[in-house]
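This report concerns only the one structure given below.
The values are calculated or read from the model by the stated rules, or taken from the named source; none is laboratory data. Note that the coordinates shown come from a computational prediction; the quantities given were computed from them, not determined experimentally. Using ideal geometry, Cβ is built from the backbone for each residue, glycine included, and neighbour counts are taken over all protein chains shown.
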Amino acid sequence: MAESDTTPFYVTTAISYPNGRPHIGHAYEAIAADVIARFQRLMGRRVRFQTGTDEHGLKMARKAAEQGRTPRNLADEMSGYFRVMCDTLNVSYDRFIRTSEPDHYRASQALWQAMEAAGDLYLDRYEGWYSVRDEAYYDESELVAGEGGAKLSPQGTPVEWTVEESWFFRLSKYQDQLLELLRTPGFLEPASRRNEMIAFVEQGLHDLSVSRTSFDWGVPVPGSEGHVMYVWVDALTNYLTGLGYPDDMGEFWPASLHLIGKDIVRFHTIYWPAFLMSADLPLPKRVFGHGFLLNRGQKESKSLGNVTDPLELAERFGVDALRYFLMREVAFGQDGSYSPEAIVLRANSELANAFGNLAQRTLSMIVKNMNGRLETFEQKDADVALLRTVQTACATELPRAFKDLSFSTGIEAWMRAVYACNQYVDEQAPWALKKTDPERMKAVLQTLFVALRDLAIAIQPVVPTKAAMLLDQLGVPGNARGYAALADRDWFNRLVASGFTVAPPTPLFPRLELPAEDA
Ligand code: ME8
């Protein structure tokens, strides 16, 4: 049984640039963070979950200028789409933060002043390369050659030579402390990303330019007219703003987990901890850099014309089927690929045929052959063995894997339990028992009923709506749906005693058709 843990849990996603509409990568990250938040809540922890939009910087300013509008106007429109995406995908955030909000200006300026008071900020001149696309400074030595010898960032984005008066942060001062942090087991995962960051720090850290004067779309630097903060300084501060910084942040800081993509690990495991060290604030406990999602193995881009609207996928295949696919298909941490065929294949074989059908058959047979009435029953060895398999998968294997963020491994364990149930149905053949041994038929159907409850409880974080529908059909009260309830083996007898009757079920996961253009 998973060990109980009552410490508060604060999980965050990266905040997205609202310079366009959300893409599948944004949906992937929001869904993964939501699975984590829901999982921890069901484990009995107090959870705070924050997501939002990162609205300042040159990238936003330039995109707005291209469209002949103000950056705020662009952010207002696009941020709305990100929020709608989260709401549609059932992402259960506690706060959707926008960095253009007043409390965020206050928090960012307070953090700045704390770093200044520590003697870590000084005015100098910046001369070097900047990528607007990445909103990042790069050393000459990091650049790579593009077509025609053009200089590109390590991410393959254009860079421009920049010369400005700028505030600098004494990043170099924190080199040793950062190395120690990066070497702390569990701080940065997956481990492959850790080595890359350690190598970067070992090369020697330069102080970081943390303000800009060539545009004004940012948080003003306190007491330094003409300077706005470098967008990453205010962006990272969002994790504190949402908890009330600089006022008392309560029980949720330090963050339990910053969930981000692999391209922004440097900002979260080097710059961010250094800012916090400087301001004398506790460091986040864990940073996880997930992989990228590719469209049939290719990066999505406007020029390839393969940009997918995640809400279109949700509408076509269903929110829960999409969530299930994304968590099941790709080992979390690695890059993965998706396509409409792959979603349909996965959803049909596992959700519709294996799990949905099991629920539908079991509940229909209980309605048809037992008038929906449950009775206490005697268990045979095969029943005990099946329920043990199901309980182990649901109460131990899936939670252990989810705690490690190994979602596909956890879902696989769950799926094996579903298959075990289907095999049990085939072996016990309740339809044949109906004539030969009706009492035994009832025991078999009710064993499956008990198994379905465990399976439904366990998979709630991934498919919250469908799992709730099934738990409703099974008569499981709302306050008895956490993982701790899996240890309660007396619930069935209480349900029988309450006189609960099973109603004719509605199918949970209809089979999906592959739309003609993809077939
Ligand atoms: O980086 N697959 O914003 P962003 C999976 N504002 N994840 C992807 C992805 C893909 N194809 N493309 C992007 C920013 N992501 C900053 C963050 S946090 C203080 C500031 C992930 O809109 C990306 O790795 O470019 C990041 O975690 C998130 O989506 C937002 O990316």
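Here are a few things to note about the model shown:
- Of all residues in the stretch 202-228, those satisfying the criterion of being within 18 Å of T53 (Cβ to Cβ) and either in a loop (DSSP other than H, G, I, E, B) or not assigned by TED's automatic domain parsing to the domain that holds E140 (or both) are W217, G218, V219.
- Listing of helices (runs of 4 or more DSSP H) fully contained in the stretch 429-510 that carry 1 or more residues being touching a helix residue (DSSP H, G or I) at 6+ places or on another chain (Cβ under 8 Å) and closer than 24 Å to T396 by Cβ: 438-459, 464-473, 491-497
- Residues that are away from the ligand (no atom under 11 Å from the Cβ), at negative phi and not polar (S, T, N, Q), drawn from the stretch 221-239: V221, P222, E225, H227, V228, M229, Y230
Every residue, every condition in (1) surrounded by 15 or more Cβ atoms within 10 Å (Cβ to Cβ); (2) modelled with pLDDT of 95 or more, yes or no:
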position: E147; (1), (2): no, no
position: L152; (1), (2): yes, yes
position: V159; (1), (2): yes, yes
position: L171; (1), (2): yes, yes
position: T184; (1), (2): no, yes
position: S192; (1), (2): no, no
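- Pairs where the first residue, in the stretch 25-51, is touching a residue at least 60 places away in the same chain (Cβ under 8 Å) and the second is within 10 Å of the ligand (Cβ to nearest atom) and acidic (D, E), C-beta under 9 Å, 6+ apart: G25/E300
- For the condition under 22 Å from V287 (Cβ atoms) and at pLDDT below 95, D5 qualifies.
- Residues being free of Cβ contacts under 8 Å to residues at least 40 places away in the same chain and within 13 Å of the ligand (Cβ to nearest atom) - total across the stretch 305-344: 1
- Against the test of being of a type in the set (D, E, K, R), surrounded by fewer than 19 Cβ atoms within 10 Å (Cβ to Cβ), in contact with a Ser or Thr (Cβ under 7 Å, 6 or more places away or on another chain) and within 30 Å of P438 (Cβ to Cβ), the options R373, R361 yield a single qualifying residue, R373.
- Just one residue in the set G242, G289, G218 is at pLDDT 95 or above, near the ligand (Cβ under 10 Å from one of its atoms) and among the small types (G, A, S); that residue is G289.
- Here E412 passes the criteria (1) under 30 Å from the mean Cα position of the chain (by Cα); (2) within 17 Å of I366 (Cβ to Cβ); (3) of a type outside the set (V, I, T) except the one numbered (2).
- Of the residues contained in the stretch 220-227, none is found to be closer than 27 Å to S406 by Cα, exposed (fewer than 13 other Cβ atoms within 10 Å of the Cβ) and of a type outside the set (F, W, Y).
- Residue check: E66 meets all listed conditions (1) in contact (Cβ under 8 Å) with a residue 12 or more places away in the chain; (2) away from the ligand (no atom under 15 Å from the Cβ) but one, namely (1).
- Only a single item in (1) in contact (Cβ under 8 Å) with a residue 24 or more places away in the chain; (2) not assigned by TED's automatic domain parsing to the domain that holds Q50 is not met by P254, and it is number (2).
- Only residues that are among the charged types (D, E, K, R) and within 16 Å of the ligand (Cβ to nearest atom) were counted across the stretch 245-263, and they come to 2.
- When each of R266, R193 is tested for being in contact with a Gly (Cβ under 6 Å, 6 or more places away or on another chain), within 16 Å of the ligand (Cβ to nearest atom) and closer than 27 Å to V132 by Cα, the lone residue that passes is R193.
- Residues satisfying the stated conditions in the stretch 229-271, i.e. part of a helix (DSSP H, G or I), under 18 Å from T51 (Cα atoms) and aromatic (F, W, Y): W232, Y239, F252, F267
- Within the set R400, R416, the sole residue that is surrounded by fewer than 21 Cβ atoms within 10 Å (Cβ to Cβ), under 24 Å from K380 (Cβ atoms), among the basic types (K, R) and at pLDDT 95 or above turns out to be R416.
- Any hit, the stretch 347-356, residues being among the acidic types (D, E), assigned by TED's automatic domain parsing to the domain that holds G410 and more than 14 Å from the ligand (Cβ to nearest atom): yes
- Filter result (within 8 Å of the ligand (Cβ to nearest atom) and within 12 Å of the chain's Cα centre (by Cα)) within the stretch 16-56: G25, H26, Y28, E29
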